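The values are calculated or read from the model by the stated rules, or taken from the named source; none is laboratory data. A quick note: this is a predicted structure, and the numbers were derived from the prediction, not measured. Here the Cβ positions follow ideal geometry from the backbone for every residue, glycine too, while neighbour counts run over all protein chains shown.
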Amino acid sequence: MNGLKILLCALLMLSQTTHAKMNYGFKSLSVNYLNWTERTESVSDWNTLHLGQKADFIYIEIEGGAGFDWGDIYGFIDMENPGKPVTSAPHHNRMATKGSLAYNLGETNLNLYAHIYTLNEKGFSDQNRVFGVSYDLNSDWGWWIKPFIGFHIQADVGSNGYMAGWVSSYSFKLKGLDFSISNWHEIEFSRDQANQGFTTTLDTNGDGLNDDYFPTNGRSHGQNGAISLWYHMNNKITWGLQYRYADRKLGTPYYQDALIYSLKSNF
């Protein structure tokens, strides 16, 4: 059983605990268009990094989370380039999933923390697992943040340094309209120097085996995240504009950025 299945089973068991009190919950279905900058597309050229040039794409996301008296859970499933064949790189079909769990330590704001992120596509798969602690900081004026730090374990690589970061949000009104700003950020550090923090496996022979390895991110650290502005039209519809960024991540040893246009249905 892989790490994602273990975490999903833990989330299911904890969320169904008979004595658990649910404080909040949300779930949504969104359609998103990610538009890479021209510079990002040029630095991710296939002939340079052997990975395939980054290209704009549409993705459908199912997202949800809930807070209980014992802690909170969160997860999403992204279906990128839905309906596209799996072999037409860089426009091929991909799937990304993430699950996270924060378990309260007594009456403190400190939590045991874990998250697992998995990406699957033709000839390539990767899974990042983080196990550590997080902390809840809340205000009474619409702002909250959850910083975390933990050990970073990467599939097929093993221990790969550490990851720290945060998730935060600020809700406000402007001329009677409801808005929010959110930010998620991840910092990898002390990554394994043997593979520069990320090893790409490619099936270049078409035999179903990952047989070529390329160090792609460079250096022992990298950053990854997004800053988002959301307009909450009503309880059912949310519009979003996100600035997506990464540095020495996503298989490219350079800074990368994109704009994401989102339409979200809340239910």
Exercise for the section: Test each condition in (1) assigned to a strand (DSSP E or B); (2) of a type in the set (D, E, K, R); (3) closer than 30 Å to N93 by Cβ for D156 and report the one that comes out false. Expected result: (1)
Practice task
Could you grab me the full set of residues in the range 224-267 that are modelled with pLDDT under 95 and β-branched (V, I, T)?
Solution key: T252
Exercise for the section: Please state which of the following conditions S265 fails to meet, knowing it meets all the rest: (1) small (G, A, S); (2) under 23 Å from Y170 (Cβ atoms); (3) surrounded by 15 or more Cβ atoms within 10 Å (Cβ to Cβ). Expected result: (3)
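Please verify whether S125 is more than 25 Å from A258 (Cα to Cα) and either among the β-branched types (V, I, T) or touching a residue at least 24 places away in the same chain (Cβ under 8 Å) (or both), treating the condition exactly as stated. First the steps, then the outcome.
On the way: more than 25 Å from A258 (Cα to Cα): no; either among the β-branched types (V, I, T) or touching a residue at least 24 places away in the same chain (Cβ under 8 Å) (or both): yes.
It is false that S125 is more than 25 Å from A258 (Cα to Cα) and either among the β-branched types (V, I, T) or touching a residue at least 24 places away in the same chain (Cβ under 8 Å) (or both).
Got at least one residue in the range 202-213 being surrounded by 15 or more Cβ atoms within 10 Å (Cβ to Cβ) and modelled with pLDDT of 70 or more? Before you say what the answer is, go through the steps one by one.
Residues of the range 202-213 surrounded by 15 or more Cβ atoms within 10 Å (Cβ to Cβ): 202, 210.
Adding the requirement that they be modelled with pLDDT of 70 or more leaves none.
No: zero hits.
Name the residues in the range 1-35 that are among the charged types (D, E, K, R) and either at pLDDT below 60 or in a loop (DSSP other than H, G, I, E, B) (or both), would you?
K5, K21, listed by residue number.
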Fill in the blank from the handout: Scanning the range 236-262 for residues that are assigned to a strand (DSSP E or B) and charged (D, E, K, R), the one surrounded by the fewest Cβ atoms within 10 Å (Cβ to Cβ) turns out to be D257
